[in-house]
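What follows is a single structure, written as structure tokens, with notes after it.
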């Protein structure tokens, strides 16, 4: 039984929590509303543009500017004064889903190189804002504007409308179509699904530094298999057709063209037998040097950088990384210093090092996360020596390395003109704090208007936590990093049921030195659970070999490490009752939760699986094939990692939750597992969410999902069996 001193009655619990954390978290979009983000620094470092809503419950994002000398803020554009953001083009809704954008209003913008004009789209209308102080104004264009970007001089704006790439001339007030789709499967100037969902490339057009040319992507979805997502709650609506490249099937074809002022169109033949994925495009500061392309073959065992010849479109190799398993795409590279030296990264078993001019400039103990900016000859990047901490560093030839954020926490930043914006999250503070550090010295804050969670995680970290509560960087290097959260006011020695709360898969960490990472877990703890959060093999931050330990098997290492973490937590906290252990998760975490009760019912006694991948043949090419290979050539890897064959093994309570409008992990995953469970005569529960995607931004849905999960877990563990 759950201890009566910790858990209130059901009636009191429902009455109180609907006015407390679940409601606040839903209304504040996980306490992200009102926090500053999306920074752009002027070249002289005098101004910083950023996005922020007006308070912690306001979902409408505004564009702001701050004077870095005085700290004075100015509202540049407020969508409420301009127009509605509700009638979004379908492509823009898809872009926001790919970026997991939960707010509305101005969620993205672009500027010229001098940061004198900003362009953004609002409800498919193009707006331009004069950053010297003029009011934003709408621009007459074809409807459905997406991703507008001024040229470096600010004279013209490239944008996408109706699948065509257009250019608006500010002097004449007219738009010209530069590239128009040849069929209804073609679009210019946007990223394809795989690039946006898995590679972090959201763009499909890039201005040259002198504004004389545009590099433009042409995407053709014709080869991609069509799926159809219906809304059973509204049968009068037609099903949505989705071009979804599932593992082993065809990807979209992406071509590149150089478009010139004189109307010239030069093909850039980047794709072929050794290159299927366009991972990134960067264009160094001088037009003469040409853009750099980062490409991958289908098996992802190489990552190549190619330079484009501006005159002919021909390609020349620059550098390459290879690995017999896969090569990760590192955000921010390649880049080029003002001296012309290439900024790149290289992996060994336990290290990812920063290379400048082909030479490593970071020690093996410092694992590079991403390159944030290159400012002249200074590289701004994040790196970790302890995986739970992400710090901001600079490297400059002649000056070496410098850590800008020596205290424990999770940091990020931007840099230009010697001015640096630093974002900070720690275990000692709520939310994110932002400070602008001027090149000549001194700093000013950018205020966060985010709501306070009014919830403080009661946290201990394993393994081998030091006196400050942080895990030693090199203690038990292969053990899962683990956080244990106990109920507020818990009496020492009182037994507690356990809730494992992992993500547990590639690309995401849960155990971080940031208070905001544990808010939901602490709320579950305060409902009467000891909550255990663990990052096992496959999760980032521990070095390439730790991440690549899941090659060929996404199930076994991830599940083994959750069991290891559970027993380590119980050894450190004897009050954990291992006869009552539940597990919950979403996406990969949902997969891991269902996997746990199917394959280790001796350890896990109940599970809540949200949006789980159940059959990896139904998930996308780039992600799935990286870990499991081609399903036609490595079918055994897919069988090892699938849940469907395990359905007859279910003996524990299992709740499956899935949004029926999910276009990332489609609802077929849950429905196929449910069908297999039914065929095997195994009772289980399914909660379908009509109109919900892979995110759950709807306030009522997000709130009640937490409450329903608690009630399910409480009931499932009540018998202690």
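Bear in mind these aren't lab numbers, they're just calculated from the coordinates by the rules spelled out. Note that the coordinates shown come from a computational prediction; the quantities given were computed from them, not determined experimentally. Glycine also receives a Cβ, built like all others from the backbone with ideal geometry; neighbour counts cover every protein chain displayed.
General observations
- Cα Rg, Dmax, region 489-609, angstrom units: 13.9, 44
- When both bridge partners sit in region 487-646, DSSP labels roughly 0% of those beta bridges antiparallel.
- For region 530-595, the alpha-carbon radius of gyration amounts to 1.16 times the rule-of-thumb value 2.2 N^0.38 Å expected for a compact globular protein.
- Pairwise Cα distances in region 564-700 exceed 27 Å for 25 percent of all pairs.
- Extension gain for residue 261-residue 130 works out to 44.7 nm (0.36 nm per residue, less the C-alpha to C-alpha distance).
- For peptides 532-541, 162-171, sequence by mean Cβ density within 10 Å, most packed first: 532-541, 162-171
- Base-10 log of normalised Debye intensity for region 427-567 (one unit scatterer per alpha-carbon) at q = 0.09, 0.12, 0.20 Å⁻¹: -0.34, -0.58, -1.19
- Residue 249-residue 75 FRET efficiency (beta carbon distance; Förster radius 41 Å; 0.05 resolution): 0.30
- Global size of the chain as Cα Rg and Dmax, reported in angstrom: 25.4, 78
- Cα gyration tensor category, rounded, prolate or oblate, for region 221-299 with a/c compared to 1.5: prolate
- Scattering curve values for region 389-457, log₁₀ I(q)/I(0), Debye with Cα scatterers, q = 0.16, 0.23, 0.29 Å⁻¹: -0.62, -1.10, -1.40
- Rounded if a/c under 1.5, otherwise prolate or oblate - region 270-402, Cα gyration tensor axes: oblate
- Zone residues, region 329-370, relative to residue 210, backbone N less than 19 Å from point 7 Å out along Cα-to-Cβ: 338-340
- Modelled label reach - residue 402, point 7 Å along Cα→Cβ, region 327-369 residues with backbone N closer than 18 Å: 337-339, 361-363
- Calculated [θ] (222 nm, deg cm²/dmol) that DSSP helices of n ≥ 4 give over the chain, each run adding -39,500 (n - 2.57): -4500 deg cm²/dmol
- Ordering 515-522, 687-694 by mean Cβ neighbour count within 10 Å, with the highest value first, yields 515-522, 687-694.
- Where labels lie 7 Å past Cα in the beta-carbon direction, separation of residue 704 and residue 273 in nm: 5.7 nm
- Short-range pairs are left out: with C-alpha atoms under 8 Å and at least six residues apart, the relative contact order of the chain is 10 percent.
- Once the Cβ-Cβ distance of residue 348 and residue 185 is raised to the sixth power relative to R0 = 45 Å, the FRET efficiency obtained is 0.60.
- Residue 545-residue 338 FRET efficiency (beta carbon distance; Förster radius 45 Å; 0.05 resolution): 0.80
- Residues in region 497-524 reached by a label modelled at residue 20 [backbone nitrogen below 16 Å; 7 Å Cα→Cβ]: 519-524
- Shape parameters for region 101-219, alpha-carbon atoms, Rg then Dmax in Å: 13.9, 42
- For the pair residue 99 and residue 230 in one chain, pulling the backbone fully straight at 0.36 nm per residue adds 44.9 nm over the alpha carbon distance.
- Segment residue 645..residue 289, full-extension length gain: 122.7 nm, with 0.36 nm per residue of separation and the alpha-carbon distance subtracted.
- Centre-to-centre, using Cα atoms only, region 554-611 and region 333-353 are separated by 38 Å.
- Folded to 0 to 90 degrees: helix 699-717 orientation relative to the chain principal axis, Cα: 30 degrees
- Tensor-based shape of region 576-654 (alpha-carbon gyration tensor, a/c under 1.5 rounded, otherwise prolate or oblate): prolate
- Relative contact order, whole percent, for region 596-678 stands at 43, derived from Cα pairs under 8 Å and 6 or more residues apart.
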